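First up is the structure itself, then whatever we jot down about it.
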Amino acid sequence: MAKASEIKTGNILRYNGELVTVDEIVHRTPGKGGAFYIGKFRNIKTSKTVEARLGTDEQVEICRVETSDYQYLYEEGDYFVVMDNTSFEQFSIEKTLFGSAAKFLKEGMNVIVSFESEEPIMAQAPTNVELEIVYTEPAVKGDTSTNALKNATVETGIEIKVPLFVNQGDKVRVDTRTGDYIERVK
């Protein structure tokens, strides 16, 4: 247990039985009454933001979180199986922890997973990935208006928008946070 005065931005706390990250913590000293802290906490599971007022001597539980690199091995139902790059130990991580980036994961990719007392609490895919185009319509000659896009299916089965000059068999870099095409890879 620690005092509220020891909380820093980025800490992970157990607040009201839930794991939260500290987005912001501000010390207030009003003219009347004692000093206090106002914190903005984001729930790790639901992503909801909660604002809380803590006394300077109020006890909080700062959680010890271990974050490490893992290699994504394969999909198993609602889980992704990952392997620790140093100990070669395997873990099953819920797909929901990766959010929308889960659909861009490819076997062998490195991912970041955070554990709090043997329980995975956060997972992060790379910000961009290289994927091969497995199907796209050929561009129509003369259809060269600026920023014209067409649909393309990548090797993970996801459909994205790409420029007209991208062809089947090309490798493209995709932003996993938005699903947007970044560039064609040589």
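We did not get these values from a lab; they are worked out from the coordinates using the rules stated. Remember, it's a predicted structure, so these values are computed and weren't measured experimentally. Every residue, glycine as well, gets a Cβ built from its backbone with ideal geometry; the counts of neighbours run over all protein chains shown.
Measure out, as a whole number of angstrom, how far apart the alpha-carbon centroids of segment 81-155 and segment 6-50 sit. When both Cα centres are located, 32 Å separates them. For D170, the amide hydrogen comes within under 5 Å of the amide hydrogens of I133, counting only partners 5 or more places away or on other chains and with H modelled in the peptide plane. Taken along the Cα-to-beta-carbon direction at a fixed 7 Å, the label points for R64 and F88 span 2.7 nm.
Remark on segment 45-92: ratio of C-alpha radius of gyration to 2.2 N^0.38 Å is 1.82. Restricting attention to segment 40-186, lysine pairs at least eight places apart or on different chains and with alpha-carbon atoms under 13 angstrom apart total 5. Under the combined filter of DSSP loop state and at most 11 neighbouring Cβ atoms within 10 Å, segment 38-98 retains these GluC sites (Glu not before Pro): E89.
Overall shape of segment 129-185 was characterised from the C-alpha gyration tensor. The equivalent ellipsoid obtained from it has semi-axes of 18, 12, 9 Å, in decreasing order.
Working from the Cα coordinates of segment 2-62, the gyration tensor eigenvalues give, after taking √(5λ), semi-axes of 21, 12, 9 Å in decreasing order. Give me the Debye-computed log₁₀ of I(q)/I(0) at q = 0.15, 0.19 Å⁻¹ for segment 65-124, equal point scatterers on Cα only, no solvent, two decimals. Values returned for q = 0.15, 0.19 Å⁻¹ are -0.36, -0.59. 3J(HN,Hα) couplings calculated from phi for segment 4-20 with the Karplus curve 6.51 cos²θ - 1.76 cosθ + 1.60 (θ = phi - 60°) are, in sequence order, 4, 5, 8, 6, 10, 4, x, 5, 10, 10, 9, 10, 6, x, 10, 7, 9 Hz; Gly and Pro show x.
If you rank E118, E159 by fewest surrounding Cβ atoms within 10 Å, what's the result?
E118, E159
For T56, the residues whose modelled amide H falls within less than 5 Å of its own, excluding neighbours fewer than 5 places apart on the same chain, are Y37. Annotation note: trypsin sites (Lys or Arg not before Pro) in segment 11-101 located in DSSP loop regions with a Cβ neighbour count of at most 13 within 10 Å are K32, K45, K48, R64. If you average 1/r over every pair of different alpha-carbon atoms in the chain and take one over that average, what Kirkwood value in Å do you get? It is 19.5 Å.
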